[in-house]
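> Take this structure, written in structure tokens, and hold onto it; I'll ask about it next.
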Amino acid sequence: MSSFTTRIELVNPDSNDYDLLHQEMRDSEFYRVINYCGLWHDLPPGEYDRTANVTLSQIYSDAGAAAQAVINNKPLNDQMQPKSYYLLVTEALERAYILPQTTDPLKLPPGASL
């Protein structure tokens, strides 16, 4: 299986758009935590991890669809500016990081525990 790090930044979002994005991403099996040696760590805001037997192209497509679902929900923000997003996907061969250990079980993949 391959691990992918995905970053999405919403452009001109409303206050609840990131909550919607987190749910859309979770529904597509992207999580805001990564596991190292049995410990779960929070990723920085706007970053997600997905480990799967898929291609980078599929990850890109799935993440883009999740972001687009947020945009389609309400294409203009409260100031009548059009919404969009930036998307970056990388396949992780190795990782090195300093991240806090998560305390939020709702960020974990189904079946995982703290």
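> So, of the residues in the range 33-63 that are in contact with a strand residue (DSSP E or B) (Cβ under 6 Å, 6 or more places away or on another chain), not hydrophobic (A, V, I, L, M, F, W, C) and not in a strand (DSSP E or B), which turns out to be least open to solvent (accessible area, probe 1.4 Å)?
Looking at the filtered set, the residue picked out is GLY46.
> Checking the condition out of contact with any Leu (no Cβ under 9 Å at 6 or more places or on another chain) and within 16 Å of ARG7 (Cα to Cα), which residue from THR51, THR55 passes?
None of the other options fit; the residue is THR51.
> Being open to solvent by less than 80 Å² (accessible area, probe 1.4 Å), assigned to a helix (DSSP H, G or I) and of a type in the set (D, E, K, R) is the filter here; which residues of the range 8-32 pass it?
Correct list: ASP17, GLU24, ARG26.
> Taking MET80, is it modelled with pLDDT under 95, open to solvent by 30 Å² or more (accessible area, probe 1.4 Å) and not polar (S, T, N, Q)?
no
The values are calculated or read from the model by the stated rules, or taken from the named source; none is laboratory data. The structure displayed is predicted, hence computed values, not measured ones. Note that we place each Cβ from the backbone using ideal geometry, even for glycine, and neighbour counts take in every protein chain shown. Side chains included, ligands, DNA and RNA excluded: accessible areas come from the protein's heavy atoms. Shrake-Rupley method; radii C 1.70, N 1.55, O 1.52, S 1.80 Å.
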